[in-house]
Amino acid sequence: MILNPPGLTPGAAQRLPHWPYVQAVDEALTERGIPPGTVRADRTYQSGGNTMYIVFVWDISRTAGVGGLRFNWKEETGWAYALLGVSPSIATPARPLMGLRRVFAAPDDVAEVADHLVRNWRMPDSEYGAEWGQAAQVRDTIEKFRATVKEPGGLWTGAG
């Protein structure tokens, strides 16, 4: 499981208020034996409305398909995916993961959908409506982040 946001110092996870969701999904993927090769989490910054996002990528060496796979998450729209060619720069247009009915879909549900795509290269027939148990807390933290990100001293640090 990833402990700190890549490229940030220990304790800097407060700058990414959705980091607990990143960790929970990554842990569920790892427990299924399909850890992504790349995990990226950030925000769109001021010009993009400080929207939180996550990207998980499995390159061709981690899938049973003819290419790689990318899962994208945005706090406003939820989960989407794209099939990748031999080079990650060659991708199909991102499509919503329709079976995941919640923006903060339960991590085990995200992992189950990913498992079907990574191992079988096809979408599962099931639909998943469960929301992650900590979704409300992370939504509140994101809103607090947005409310304080412009305050003197820079980024919200998680205090208070």
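The values are calculated or read from the model by the stated rules, or taken from the named source; none is laboratory data. Here the structure is a predicted model, which is why all the values come from computation and not from measurement. All Cβ positions, glycine included, derive from the backbone under ideal geometry; neighbour counts span all protein chains shown. For accessibility, only protein heavy atoms count, side chains too; no ligands or nucleic acids. Shrake-Rupley method; radii C 1.70, N 1.55, O 1.52, S 1.80 Å.
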Cα gyration tensor shape of the stretch 103-142, rounded if a/c is under 1.5, else prolate or oblate by comparing a/b with b/c
prolate
Taking 0.36 nm per intervening residue step and subtracting the Cα-Cα distance, what contour gain separates ARG146 from THR38 on full extension?
36.2 nm
Förster-model FRET efficiency, 30 Å R0, VAL66 and THR30, C-beta, rounded to 0.05:
0.80
Placing each pseudo-label 7 Å from Cα in the direction of the beta carbon, ASP115 and GLN46 end up separated by a distance in nanometres of 4.5 nm
What whole-number volume per residue, in cubic angstrom, does the convex hull of the C-alpha atoms of the stretch 34-126 give?
94 Å³
Tell me which label goes with the value of Cα extents along the principal axes in Å computed from the coordinates here: [x] 69, 29, 18; [y] 54, 37, 26; [z] 50, 32, 28.
[z]
Percent of accessible area on the stretch 11-121 owned by carbon and sulfur, 1.4 Å probe?
51 percent
To test your reading of the geometry: what angle, between 0 and 90 degrees and rounded to tens, separates the Cα axis of helix 135-148 from the longest principal axis of the chain?
50 degrees
Per residue solvent-accessible surface (Å²) - the chain, probe of 1.4 Å:
52 Å²
